[in-house]
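Trainee: Submitted below is the structure of interest, expressed as structure tokens.
Please treat every number below as a calculation from the coordinates, not as lab data. Quick caveat, the model's predicted, so the values are computed rather than measured. Positions of Cβ are backbone-derived with ideal geometry, glycine not excepted, and every protein chain shown enters the neighbour counts.
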Amino acid sequence: MSKFKRYARKVWHFFWHEDSVASWIVNLVVAFVVIKYALYPVLGLLFGTSFPIVAVISESMEHGLSNNLICGQQFEEMKESFDNYWDLCGYWYEGKGITKEQFESFPFQNGFNKGDVIILWRASPQNLDVGDILVFQADRPQPIIHRVVKSVQDNEKVYYQTKGDHNRDSIQQPLEEHQISEERILGKGVIRIPYLGWVKILFVDALSLVGIKIVS
């Protein structure tokens, strides 16, 4: 028994206290296994979606400049604020009948950033409104996470149109972002966990290994 205790202490020290490459690798492997086979499925059951956590890898929902661009317009610099964002991008929403006051009441009214993690909830016509953040499957490897700007009922089906806050317009590829059916919807964004520096962005590939979907 004492031999077992000595062995257990060595394993404990290696796992929690040893500062070595091997120890770090083992910790990462164990963390991935726990998240993929325990935490992730439990969250999926609780939140009613098979994708309870997603990581954002594009700038399409940011309210600041990216490569000196925002909403298709080019600038050398821009002071990031909601008023400045609306002055540059609000015309598009107003053309869709969405006022500045309405937009300010939307969830994530200031958008979110590349590298953020978004917690999802089950999405259905009963809990989806214009302004909500929607994650849906598109004709590309990664799902898209954008804002609902329109919903249309056709017979008994509801279709949604979305747009990235940072983008000039909805994605134009055939019906990709203009007619999103319920079958393509993965979830509704409800909680944002901001990234902690660019380390989280570099960690996105590792997140995908444990089942956390990457979205753009």
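Trainee: To the nearest 0.05, how large is the calculated FRET efficiency for ARG9 and SER50 if R₀ is 35 Å and r is the Cβ-Cβ distance? Before the final figure, lay out each step's value.
Mentor: Details: r = 40 Å, r/R0 = 1.16.
Efficiency for this residue pair is about 0.30.
Trainee: Taking H as built 1.01 Å from N, whose amide H comes closer than 5 Å to the amide H of SER58, not counting residues under 5 places away?
Mentor: Answer set, sorted by chain and number: GLY115.
Trainee: To the nearest 0.05, how large is the calculated FRET efficiency for ASN155 and ASN68 if R₀ is 35 Å and r is the Cβ-Cβ distance? Don't skip to the end; give the middle numbers.
Mentor: Details: r = 45 Å, r/R0 = 1.29.
So the FRET efficiency works out to roughly 0.20.
Trainee: How many lysine pairs does the range 49-215 hold where the Cα atoms are under 17 Å apart and the two sit 8 or more places apart or on different chains?
Mentor: For the range 49-215, the number of qualifying lysine pairs is 12.
Trainee: FRET efficiency for SER105 and ILE25, Cβ-Cβ distance as r, R0 = 45 Å, nearest 0.05? Please list the in-between numbers first.
Mentor: On the way: r = 47 Å, r/R0 = 1.04.
Result of the calculation: an efficiency of 0.45.
Trainee: Relative to the present Cα-Cα distance, how much length would full extension add between ARG168 and GLN137 at 0.36 nm per residue of separation? Before the final figure, lay out the partial values.
Mentor: Values: separation 31, 0.36 × 31 = 11.16 nm, distance 2.05 nm.
Separation in residues times 0.36 nm, less the Cα-Cα distance, equals 9.1 nm.
Trainee: Here's something else I'd like to know. Using the Karplus curve 6.51 cos²θ - 1.76 cosθ + 1.60 with θ = phi - 60°, work out ³J(HN,Hα) for each residue of the range 100-111 in order, rounded to whole Hz, and write x for Gly and Pro.
Mentor: Ordered by residue, 3J(HN,Hα) equals 4, 5, 4, 4, 5, 8, 6, x, 6, 4, 9, x Hz.
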